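One structure is given here, and the rest of the page talks about it.
Taken together, the values in this text are just the output of simple stated rules run on the coordinates, not laboratory data. Since this is a predicted model, take the numbers as computed values, not measurements. When we count neighbours, we look across all protein chains shown, and the Cβ atoms used for this are built from the backbone with ideal geometry, even at glycine.
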C-alpha cells in the first residue's frame, strides 16, 4: 500500500512541476482533455438517441 501512496505523490508533483514550468502546454493538455470528454458525451448522446 505505501508504494501506491508514493506513486500518487510523484504523479501530483509531476503535474505541479509541469504546470509551473509550461503553463501553456498544461492549458493545452486540459483543453484537449475537455474536448475529448465533450466528444465522448456527444457520441454517447447519439448512441442513446439511436436506441430510443
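Once you have the alpha carbon radius of gyration of region 2-51, what is it after dividing by 2.2 N^0.38 Å, with N set to its residue count?
Details: Rg = 16.5 Å, N = 50, 2.2 N^0.38 = 9.7 Å.
Rounded to two decimals, the normalised Rg is 1.70.
Between residue 41 and residue 14, what is 0.36 nm times their sequence separation minus the Cα-Cα distance? Round to one decimal in nm.
Extra length from residue 41 to residue 14 when fully extended: 6.9 nm.
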Calculated FRET efficiency for the pair residue 4/residue 33, C-beta based, R₀ 22 Å, to 0.05: 0.40
